[in-house]
Structures are given as C-alpha cells and as structure tokens.
1. Show that you can apply the helix-only estimate: for the chain, add -39,500 (n - 2.57) for every DSSP H stretch of four or more residues, divide by all residues, and state [θ] at 222 nm to the nearest 500.
2. Angle, helix 291-312 long axis vs. longest principal axis of the chain, Cα atoms, 0 to 90°, nearest 10?
3. What number comes out for accessible area per residue over the chain if the probe is 1.4 Å? Units Å², please.
4. Quick check: at a probe of 1.4 Å, how many percent of the accessible area of the range 1-112 sits on carbon and sulfur atoms?
5. What figure, in Å² to the nearest 10, do you get for the accessible area of residue 296 with a 1.4 Å probe and non-protein molecules left out?
6. In terms of Cα to Cα distance under 30 Å, which lysines are near enough to residue 252, apart from those fewer than 8 places away along the same chain?
7. Can you order the peptides 137-145, 117-125, 38-46 by their average number of other Cβ atoms within 10 Å per residue, highest first?
8. On the protein heavy atoms, probe 1.4 angstrom, tell me the percent of accessible surface of the range 128-243 carried by carbon and sulfur.
Amino acid sequence: MSFTAEVKDELSRVKRKSAAADMAELAALIRICGTLSFRGPGRFSIRVSTETGAVARMVLGLTHDVFNLKTKLTFRQSILHKSRNYLIEIPEQDHLQDALVKMGILTPKGSLAQGINQDLLLNTACCDAFIRGAFLAGGFIADPRGDFHLEIAVTGDQFANQLVDLVNKRGVHARLNHRRGAFALYLKSYEDIVALLLMLGARRMSRTLVKVRQMKSLKNDVNRRVNAEIANQARSTDAAASQLDLIDFIDKNYGIQKLPASLRMFCELRRDFPELSLRDLGQQCTPALSKSALYHRLLRLQEIERKLKAENGT
C-alpha cells in the first residue's frame, strides 16, 4: 500500500462529528472526483470513480447517511495495470437535485456552481471535514523517505483559490499551481504537512512522518560528520605531504642531523608518522607536545628553507 493510500485509509476512519461536517466532507468528495450528468429539467445523476477503497467507502456511507440516496457500486479489476477501480453511481431520484444544491454543486437555479458553498463551512469541524474530503478525493502525499510533498488536484479557478484560502485560514501555508487546465494545491514544508495531517485526523500517519524526519535528520548529521572528517583527513594528508617535501629539501641541502634537537625530532616523527595530523603527531612525543608547539617548530623549519633557497638562488 502506498503512503497516500495509508493516509487516506486512516482519514476514512476518522470519527464523525456532526451531520453538517458530514455534508461538507461529502460535498468535497463529489465535487472533486464526481461526474454530473444532466438529462433534462431536474433530471440529474452522478458517477464517482476512484481507485481508493477508502474513498469509495466514504462516498457510499455519507451518501446514505446524509441524504438517504440510492447508490450502485461497481468494482473492476484491471489485469493489465493490476489496479482496482470503484464506480459509484447515484442515479436520478427524488431529492437528488436538492442534495446537489445543498452541497454547492448546483446553484438554486440548477446551473453548475463555481466556488465553495460557504453555507457548508459553518464551523472549524466543517472546514476540516471539507478539506479532508478534498484530500480523499484528489490528494497525494509523497513517501516521506524521499521529498516532503503533499498536493490536492482540483478543477475550477474559483474553487481552487477558495480551497487554498480555506487551508491557509486554518494556519497551514498552501500554494496553488496551475497545471494543464487543472490546479494543484500543494505543500512542500514538513511542518505544514504534519500540521495538515493532524488537523484532518491522520494522527498515526503524522507520527510516521515525524519518525521518518528524525531518521533523515540523524542520517544527514552522520553524513555531515563523515564528510567533515574526510575533509579534515584530506587537509591533514596534504599538509603532511608538504611537510615531508620541506624536510627532504632541508635534509638534502643542509642535513637534518645539523638541526637543533627539537627540530630534528619533528623531522623524524613526521617521517615515521606521515598520516597523522599535527595534533596526533604531538601525542607520539614523550612528554606529549601540543599542536601549537609542533606548529612553531614547523615555522622554524620553513624559515630555514627560505634561507637555504635564498643562498642557493632558488
């Protein structure tokens, strides 16, 4: 089961709060994934097609409970694509037109409504139910092990903008993307996605998202430390190679045996431990020397090198 399907399955089991909230949720479901057919004055029917069993269950349950409308369910299995498809038909019947008007799908005059019927948004529970229905119908959430991304695909400019405004008013920052004649409300922020899931009632899946974020953060921290250590080792290796070249030059042109004991010891240690940083090299001394102490000896060797090159004219 995909991450989206798991989220929708949990949302389909959210405890209902009121008849008004149920109507708001059903209105969003039918508005986004339903197809309205018109056969004459007052003669309407609806077809809702979905590949998600949770959505089919919600549409059937709410249609019966809120409006007591007759429905027909057809289930199809695609052998080629190995996908399921649920087709819910709400045939022409008494009170269907009234139900469509109440859900904001039709205007009182019988024409198609463009935006969201504000009478559906009576309170916070109704607003959340409408957004939940919209996500169940047209929502997608990426597997959080990859990028954090959530979107709801809708049609209609006015409806799309009002849906974005509704989500924003609930404290979640949503944006709108125009996509080939349709629209997609989308969230890219981890914090906003978690806030939306919690608001809609997907507490279990929001916890899953938090755990994945924590694991990704831990892995990123480990990677940063490993990369930093590799970079430090590379710098130490380059520095050690330069120091060995310096020692070889002095040995060839002057002789390290002629150096003061402290400098001669540094040269011998560096040749014995070419892979160590100055700090670790100091630990090989008895007693141990600080990185600063060895660095000052290195500066003295560099000064000797400069004088030798000046004398040799190089």
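1. Details: 11 runs with 170 residues, N = 314.
One gets -18000 deg cm²/dmol as the mean residue ellipticity at 222 nm.
2. With both axes taken from Cα atoms, the answer is about 60 degrees.
3. Working: 17760 Å² over 314 residues.
That works out to 57 Å² per residue.
4. Details: 3180 of 6200 Å².
Answer for the range 1-112 is 51 percent, counting heavy atoms of protein chains only.
5. It works out to around 100 Å².
6. Reachable lysines: 291, 307, 309.
7. Working: 137-145: 19.6, 117-125: 15.4, 38-46: 13.2.
So the peptides 137-145, 117-125, 38-46, ranked by packing, come out 137-145, 117-125, 38-46.
8. Working: 3170 of 6300 Å².
For the range 128-243, the apolar C and S fraction of the accessible surface comes to 50 percent.
The values are calculated or read from the model by the stated rules, or taken from the named source; none is laboratory data. The shown structure was predicted, so the numbers you read here are calculated from the model rather than taken from an experiment. Cβ coordinates were reconstructed from backbone atoms using ideal geometry, including for glycine residues, and neighbour counts include every protein chain displayed. Protein only, heavy atoms only, side chains kept; ligands, DNA and RNA dropped before computing areas. Shrake-Rupley method; radii C 1.70, N 1.55, O 1.52, S 1.80 Å.
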